[in-house]
Amino acid sequence: MERPNRVVLQERDAAGTLTSTAVSHIGFHVPDVAAAASFYGRVLGLVVQGELENGGLRLGWGTGHHVVDLIEGEKSLAYYGFEVRDTDGIEGIRKRLLAAGHDVSELDPSFIDYALGTADGISVPDPDGNIVHFHGPVERQGENAADTGRRPIKFQHTTVGTVDVAAMAAFFVDVVGFRISDQLEDGKFAWLRSDRDHHTLAVVEIGKAGDIDHYSYDLAEWEDFKAWCDRLTDLGVDVSWGPGRHGPGNNLFVFFDDPAGNHIELSAEMEKFHDDRVTYVPRRWKPIPTSVNLWGGQLATWRKTSEGN
């Protein structure tokens, strides 16, 4: 018999359509743009690539596609984006969104400045009203070629806070084309994939809409992860959670905050899924601290599970 608090998220319709889609960029409203930009440069090696309206800044690595946009204002999520490298991916997403009754608009070309060929793009509100960008392939000079002990190799995933995990998961899975990798049994956390990484997007119930839970940068391997834990101390950056290892994704993690209070994760050894070779069934983890932190269940003050804390 199913436990009363058990919620099984389903994969329907377009699930699994996307297999070569990754996170692209993210935009934040922050109270102090200069302080945030300085922090991202000092800690993560992101450089200013351009200026936005009203004193905002666009940050990235090298001359490739941008990673973070900083916009002056009260702390909130402005938008988040994905790079779609699937054949006919943007057109397919557009058709499915329109057929499902979503309000789709063309993406401002400034978000795809460093395009490979013709990079199409669309913008759509997610079920919570957050703006999501989808665009075609872009150049990523400067990624995967750094001193990995001193700079992440890529932007890895976004975790969006929500009031309705089921609705968000249905939007991204059934319409956009992601798949479910894992969920908590109570349905309050789901991890979604759109390439070989265990998750490029996660959604978690935080009791409100319009905010990010956290976002993550990828480190190359265990040796770099250890070096980064020491590096954060050397830089005077307080660790807010970790180091630890997640159950879903099996990745190493350590968390800290930017000056605006956005939670940043450094991750290594993310689990890989090979959907072209193996059939997977989404796993359902118990909603207890030792599921989201296998190393003893220690949690951040802002991370809650419905059982055990």
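Test Glu221 against the criterion of being outside the structural domain of Val278 (by TED's automatic domain parsing) and more than 30 Å from Asp103 (Cβ to Cβ), and give yes or no. No, not satisfied.
If the condition is being within 18 Å of Ala78 (Cβ to Cβ) and hydrophobic (A, V, I, L, M, F, W, C), then the range 204-225 contributes Ile206, Ala209, Ile212.
So, Asn54, is that one over 19 Å from the mean Cα position of the chain (by Cα), outside the structural domain of Ile131 (by TED's automatic domain parsing) and at pLDDT below 95 or not? Walk me through it before giving the result.
Working: over 19 Å from the mean Cα position of the chain (by Cα): yes; outside the structural domain of Ile131 (by TED's automatic domain parsing): no; at pLDDT below 95: yes.
No.
Close contacts from the range 69-85, counting a first residue that is in the same structural domain as Ala37 (by TED's automatic domain parsing) and a second that is buried (at least 17 other Cβ atoms within 10 Å of the Cβ) and hydroxyl-bearing (Ser, Thr, Tyr), with Cβ to Cβ under 6 Å and a gap of 6+ residues or different chains, come to Tyr80/Thr158; Gly81/Ser24; Phe82/Thr21; Phe82/Ser24; Glu83/Ser24; Val84/Thr21. Residue count for the range 48-61 satisfying the condition of being over 13 Å from Phe111 (Cβ atoms) and surrounded by fewer than 16 Cβ atoms within 10 Å (Cβ to Cβ): 5. Screening the range 18-108 for strands (runs of 3 or more DSSP E) wholly inside it with 2 or more residues that are closer than 25 Å to Phe172 by Cβ and among the hydrophobic types (A, V, I, L, M, F, W, C) returns the ranges 21-30, 66-72, 76-84.
Checking each residue in the range 166-188 for being surrounded by 24 or more Cβ atoms within 10 Å (Cβ to Cβ) and in a helix (DSSP H, G or I) picks out Met168, Ala169, Phe172, Val173, Val176.
May I ask you to say which residue of Gly242, Gly177, Gly161, Gly207 is under 28 Å from Val124 (Cα atoms) and at pLDDT below 95? Outline the logic, then answer.
Working: Gly242 fails: under 28 Å from Val124 (Cα atoms); Gly177 fails: at pLDDT below 95; Gly161 fails: at pLDDT below 95.
Among Gly242, Gly177, Gly161, Gly207, only Gly207 is under 28 Å from Val124 (Cα atoms) and at pLDDT below 95.
Residues in the range 211-236 that are of a type in the set (Ser, Thr, Tyr) and under 15 Å from His263 (Cα atoms): Tyr215, Ser216, Tyr217.
If the condition is being of a type in the set (S, T, N, Q) and either touching a helix residue (DSSP H, G or I) at 6+ places or on another chain (Cβ under 6 Å) or within 22 Å of Leu70 (Cβ to Cβ) (or both), then the range 219-263 contributes Ser240, Asn262.
Looking at the range 222-252, which of its residues are part of a loop (DSSP other than H, G, I, E, B) and touching a residue at least 12 places away in the same chain (Cβ under 8 Å)? Before you say what the answer is, go through the steps one by one.
Our first condition is that a residue be part of a loop (DSSP other than H, G, I, E, B); within the range 222-252, this holds for 235-238, 246-251.
Across the range 222-252, the qualifying residues are Leu235, Val237, Asp238, His246, Gly247, Pro248, Gly249, Asn250, Asn251.
The condition (being basic (Lys, Arg) and modelled with pLDDT of 95 or more) is satisfied by just one residue among Arg196, Arg151: Arg196.
Could you count how many residues in the range 68-84 are under 21 Å from Leu18 (Cα atoms) and among the hydrophobic types (A, V, I, L, M, F, W, C)? Quick ask: steps written out before the conclusion?
Just the residues of the range 68-84 that are under 21 Å from Leu18 (Cα atoms), to begin with: 79-84.
Narrowing further to those that are among the hydrophobic types (A, V, I, L, M, F, W, C): 82, 84.
So the count comes out to 2.
Could you say whether any residue in the range 277-286 is assigned by TED's automatic domain parsing to the domain that holds Ala166, farther than 26 Å from Arg6 by Cβ and not aromatic (Phe, Trp, Tyr)? Yes, the range 277-286 has at least one match. Considering only residues in the range 268-307 that are of a type in the set (S, T, N, Q) and modelled with pLDDT under 90, the one that is surrounded by the fewest Cβ atoms within 10 Å (Cβ to Cβ) turns out to be Thr301.
The values are calculated or read from the model by the stated rules, or taken from the named source; none is laboratory data. Nothing here was measured: the structure is a model prediction, and the numbers come from that model. Don't worry about glycine lacking a Cβ; one is built from the backbone with ideal geometry, like all the others, and counts go over all protein chains shown.
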